[in-house]
Each structure stands twice: as C-alpha cells, then as structure tokens.
Amino acid sequence: VATFGHLEGYPPGTMFDSRASLSAAGVHTPRQAGISGAQNVGAASIVLSGGYEDDEDHGTYLIYTGAGGRDPKTGGQTSDQVLTRTNLALVKNHLEGLPVRVIRGAQSGSAYAPPHGYRYDGLYYVQAYWRERGLSKHHVWRFRLEQKQDDPRAPVFQSSSWEAPQRTLIFQQRTVRSTAMARRVKEIHHYRCQVCGLALQTRAGFYAESAHIRPLGRPHDGPDSLGNILCLCPNHHVMFDTGAFCLRDDLSLINLGGKLRTAPQHRLALEHVRYHREHFGVLV
Ligand SMILES: [Zn+2]
C-alpha cells in the first residue's frame, strides 16, 4: 500500500542524511530507485539526485525524467525509455490528481538542492507528461511536476482509499480551453466527436471538447489554429491526450481502427498530427 501526501512528523524542509534514513522514515521507501510507486497505484515520492541528464529543476516546477534506458555503470542514457512500471505510476498521478512527495538530494546539481544530504520539499502534482529525444538522442519520458500551495497539515491517505480525501484534490488535469477557434471547430462538426460521432446532449445544448493536437503552452507551444484542433467527446479527449490512440498521416486511428471524421472546411496540419504521435503515442 502506498502512502500519498505529507507524513506525520516529517514536514516540508525536513533533512535526511542518507537514502537509508529516507527509507526508514517512509518518506521515500526504495533505497536506489528514484521513483517510489507502482503501475495502477501511482507514485508516492521521487528523489532528484542528478542521475538523469535531462532533468530540469526550476524550483516551483520540475521536468523530471522517467526511469530506464540507462547504463548502470556510466549512468548515461543508452537506450529508449518505455512507458511501463514506475513511469506509468507517474501517469496515474496525472490522471487521478495524486500528489508526489519531492525530495532533493545535494548531488542533484540543482540550484534548489540542499548543501548536503536530502531534503523533503513537499508535494508536487504531475501536470503533464510526454516523450521526446533527450540529450543522448534516445527517447525519454518527461514529467512536468508543479508545486501547489497546499496546507502542510493536508491529510495523508492510502492508495486503497482514494475517495475520502477527494475534496483536497482541487486540481484540474486537463484544461478545457474555450477559444474562438475551438468553438469554430465544434460548430463545423456540429459538436459531434470526430472519432465516435457522438454529440452529447445536455440541458444547455450540445457539448463537445476541443483538443489541441500539439498542446498549447510550454514546452510544446502548439498554435491555437484550425489545423491543430480536434472536436472530441470527453472520453476520446482523455484517450487522445494520454496517447491511447493516435492518428496516422492518412488520419486513420492507431489503436482504435477506423478513420477520423473530417469536414472539408477543417483541414488538419500533418506536422501537428506527427508531433502528437511522436510525443504521446505508442511507437509502432
Ligand atoms: Zn468520441
């Protein structure tokens, strides 16, 4: 059972002299692995220790590299990382809004690292994740973790009881953006999902979501343009954002079968379709 959140007796700022003492306290249980977590459960904590060349520490947010693909001797990235095990645990945090305890080690090389030993720096949330080629040119999975202003007395909860503390998890995983361009795309498709054709009827009219193929904002910097937006139902929006399905260049649907529904006045830009495939999809 994983324990998420702050631990009694170890408020943010608590110092530890070694991985063994972090482990004994339960703040970060594994003695070697940088991610403490399991697939389908989530990751309770991570350690920033300088092991990964692609890590970035900006204080209030981190770009953290997933696990795997490194030469155990040199520590260099020698093969592609895959989205399995503890990397998938961090995806679970993203989907469920689960907090991650972040511990900084002195040897991380970061300006925010403690002068010696390890320091527990509080809770961060996995705001986004994607795949890219790291400094080594191999694929790495990257996770953007953001610190949230939270109550240091926030309750601790177990992985088997996620329901109880839901009110403390005020965190939006996907921003449903409503731009004029997004509305235009939805109107072109009459609010029908471009994957399943469903238009959700609500008491306030039809509802659909606009999905930016190449996400807006850093680091992706996709444009808010007609060619970069899909009209999707909420289910297919989540699946698209998590790479559960992708588009081929002919707009057929990888992992789902069939083809994207299109409209003559809504042309997609293939460069963005490829970007999504490369950064979020399953490589085939
Ligand atoms: Zn749909």
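Quick note: the coordinates plus some simple rules give every number you see, no bench work behind them. Computed from a predicted structure; not experimentally measured. When we count neighbours, we look across all protein chains shown, and the Cβ atoms used for this are built from the backbone with ideal geometry, even at glycine.
Quick notes on this structure:
- Among residues of segment 91-114 that are of a type in the set (S, T, N, Q), those with a Cβ under 6 angstrom from a residue that is assigned to a strand (DSSP E or B), sequence gap 6+ or separate chain, pair up as 93/42; 93/43; 93/100; 93/126; 108/48; 110/57.
- Residue count for segment 7-56 under the criterion of being more than 19 Å from the chain's Cα centre (by Cα), among the aromatic types (Phe, Trp, Tyr) and buried (at least 20 other Cβ atoms within 10 Å of the Cβ): the result is 1.
- Taking first residues from segment 234-251 that are within 18 Å of residue 269 (Cα to Cα) and partners that are within 15 Å of the ligand (Cβ to nearest atom) and part of a helix (DSSP H, G or I), the Cβ contacts under 6 Å between residues at least 6 apart in sequence or on separate chains come to 245/239.
- Inspection of segment 214-228 identifies no residue that is over 22 Å from residue 132 (Cβ atoms) and either within 14 Å of the ligand (Cβ to nearest atom) or touching a Pro at 6+ places or on another chain (Cβ under 6 Å) (or both).
- Restricting segment 189-203 to residues that are farther than 13 Å from residue 266 by Cβ and more than 6 Å from the ligand (Cβ to nearest atom), the residue that is surrounded by the fewest Cβ atoms within 10 Å (Cβ to Cβ): 203
- Scanning segment 66-90 for residues that are closer than 29 Å to residue 13 by Cβ and either crowded, with 22+ Cβ neighbours inside 10 Å or among the β-branched types (Val, Ile, Thr) (or both) yields 66, 67, 86, 87, 89, 90.
- Some residue of segment 31-53 being of a type in the set (Phe, Trp, Tyr) and assigned to a loop (DSSP other than H, G, I, E, B): yes
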